[in-house]
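Colleague: Take this structure first; my questions come after.
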Amino acid sequence: MQAAAPGLRERKKAETRAALRAAAVRLFLERGPAAVKVSDICEAAGVSARTFFNYFDAKEEALLPWDKHLIEEVITGLAARPAAEPPLTAVRQAIEQTLPSLTASTGWQACDRVLTAYPELRTTIFHGMIRNETKLADALAERAEQTGGSLYPQLLAGVAASAFRAAFSVWAPETGAAGLQALVGEAFDRLAAGLPPSRPDPASTAGRPLAGEAGDGQFSQSGGAQVNHHLRQTVPWLLRRPGDSQ
């Protein structure tokens, strides 16, 4: 399903997010991350510190694809999905609805250069990713009427986030939201099918760099920019609603 175009409020958030990210990346490259303060980023972007922390918990998290607003959009979208919808389908649809806002940001190649030059930033970024997954797991637990620490919502959140990261890692930004949505859809389709092995599809890989190459604006695996959890298990039972019989 094609994600709806973002409204005015979402576009304003996307513009603010892009300005903060661009300012952070530029300053990181000019001065080195250790010499950059949040106040420097805010001054360069023309926003307040309060606005910055509405999006990010730390300056390093400006390099993350998902910020706090976007994960809240996912959670809001998840709450709006039909109760009878299979969990994997619901979280997929919720994620896909955020893609136009996410892809409004540019400069992913510059983010790659920062992370290649300063790999120590990955620790903070990793913690930000875990925080976002935890928020998603809590929302999924509430939807499934389970406790937040239960295996099912934790696994589903991790699988969904991994599917997104895998798609993002091979996305060519010049293809825009449609390109990323196609990859996210393919990732979730493969999950739904139990991750069967397959040969590369020339139609789906044409124009995309090979694994390890730095694409135009994408995080490169060889540069160490991806802190990516690999999908290791087949989980077809995620297609069932919690409580369904085996």
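Read-outs: derived from the displayed coordinates by stated rules, not from any lab. For clarity, every value in this text was computed on a predicted model and none was experimentally measured. Glycine also receives a Cβ, built like all others from the backbone with ideal geometry; neighbour counts cover every protein chain displayed.
Colleague: Show which lysines lie in cross-link reach of Lys12 when reach means a straight Cα distance below 20 angstrom and same-chain residues fewer than eight apart are skipped.
Modeller: Lys68
Colleague: Compare the Cα positions of His69, Pro82, Ala23 along the charge dipole of region 1-143 (+1 at Cβ of Lys, Arg; -1 at Cβ of Asp, Glu; about the Cα centre) and return the one farthest towards the positive end.
Modeller: Projecting each Cα onto the dipole axis, the largest value belongs to Ala23.
Colleague: Could I ask something else about it? Given a Förster radius of 22 Å and the C-beta distance between Glu43 and Ala117 as r, what FRET efficiency does 1/(1 + (r/R0)^6) yield to the nearest 0.05?
Modeller: Numbers: r = 23 Å, r/R0 = 1.04.
The calculated FRET efficiency here is 0.45.
Colleague: Can you compute the modelled spin-label distance between Asp57 and Leu29, with each label point 7 Å from Cα toward Cβ, in nm?
Modeller: 2.8
Colleague: When the Kirkwood hydrodynamic radius is evaluated over all pairs of different C-alpha atoms of region 59-184, what value in angstrom, to one decimal, is obtained? Show your work: numbers first, answer last.
Modeller: Working: mean 1/r = 0.0660 Å⁻¹.
Answer for region 59-184: a Kirkwood hydrodynamic radius of 15.2 Å.
Colleague: Now, a different point. How far is it, in nm, from the label point at Ser150 to the one at Thr106 when both lie 7 Å from their Cα along the line to the Cβ?
Modeller: Rounded to a tenth, the inter-label distance reads 4.5 nm.
Colleague: Want the number for Ala84 to Ile130: 0.36 nm per residue separation, take away the alpha-carbon distance, what's left?
Modeller: 13.8 nm
Colleague: Ok, one more. Sorted by packing (mean other beta-carbon atoms within 10 Å per residue), highest first, where do 32-43, 178-189 land?
Modeller: Highest to lowest by the protection proxy: 178-189, 32-43.
Colleague: Suppose every Lys and Arg Cβ carries +1 and every Asp and Glu Cβ carries -1, with no other charges. What dipole size does region 1-126 come out with about its Cα centre, to the nearest 20 debye?
Modeller: Its charge dipole is roughly 200 debye.
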